[in-house]
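The values are calculated or read from the model by the stated rules, or taken from the named source; none is laboratory data. This is a predicted model, so every value here is computed, not measured. Positions of Cβ are backbone-derived with ideal geometry, glycine not excepted, and every protein chain shown enters the neighbour counts.
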């Protein structure tokens, strides 16, 4: 019910609401993103403008929307969350061919890399997150990386999960 502080009666409020059209109160200068833009560009626009939803356009026609929840889902998919296998976190030197060395170690155990995320920890060390698929125990896989001189920050079996 309306506040006692208003000078409008409930009938006057209903009358005004019934006469008000969406077009009268909508935001007219709407931020949009092209459907051909990168996910990073959409995220940047959303962050810079503190919005959780962006209309997606193609030739000035709305073709959909992207929401912060879509971004979260994309991150989970990119990281391999929800896939069965083994999640491995490594800290490795930021040197040429370090990813090749990691890939060769995994291939030597007849495993498959499903997903990889690489981010700098500092100027000389990278954080590498892997989602690995194949038949191996986590103790054996950890030993492979440690014996090769890599620092294992985490290792755990993961289970399949639906993201919908």
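Within the range 126-148, the set of residues being over 22 Å from residue 82 (Cα atoms) and surrounded by fewer than 15 Cβ atoms within 10 Å (Cβ to Cβ) comprises 140, 143, 146, 147, 148. Residue 87 meets each of the listed conditions (1) at pLDDT 90 or above; (2) outside the structural domain of residue 106 (by TED's automatic domain parsing) apart from (2). Checking each residue in the range 22-33 for being closer than 16 Å to residue 48 by Cβ and either outside any loop (DSSP other than H, G, I, E, B) or outside the structural domain of residue 57 (by TED's automatic domain parsing) (or both) picks out only 33.
In the set (1) within 19 Å of the chain's Cα centre (by Cα); (2) part of a loop (DSSP other than H, G, I, E, B); (3) over 30 Å from residue 137 (Cα atoms), residue 48 fails one condition alone, (2). Scanning the range 74-91 for residues that are loosely packed, with under 15 Cβ neighbours inside 10 Å and within 10 Å of the chain's Cα centre (by Cα), we see that the one that is nearest to residue 55 (Cα to Cα) is 75. Number of residues in the range 110-121 that are surrounded by 15 or more Cβ atoms within 10 Å (Cβ to Cβ), in contact (Cβ under 8 Å) with a residue 24 or more places away in the chain and touching a helix residue (DSSP H, G or I) at 6+ places or on another chain (Cβ under 8 Å): the value is 2.
Per-residue answers, yes or no, for (1) touching a strand residue (DSSP E or B) at 6+ places or on another chain (Cβ under 6 Å); (2) in the same structural domain as residue 70 (by TED's automatic domain parsing); (3) over 24 Å from residue 71 (Cβ atoms); (4) modelled with pLDDT under 95:
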| residue | (1), (2), (3), (4) |
| --- | --- |
| 92 | yes, no, yes, no |
| 96 | no, no, yes, no |
| 99 | no, no, yes, no |
| 105 | no, no, yes, no |
| 112 | yes, no, yes, no |
| 131 | yes, no, no, no |
| 139 | no, no, yes, no |
| 142 | yes, no, yes, no |
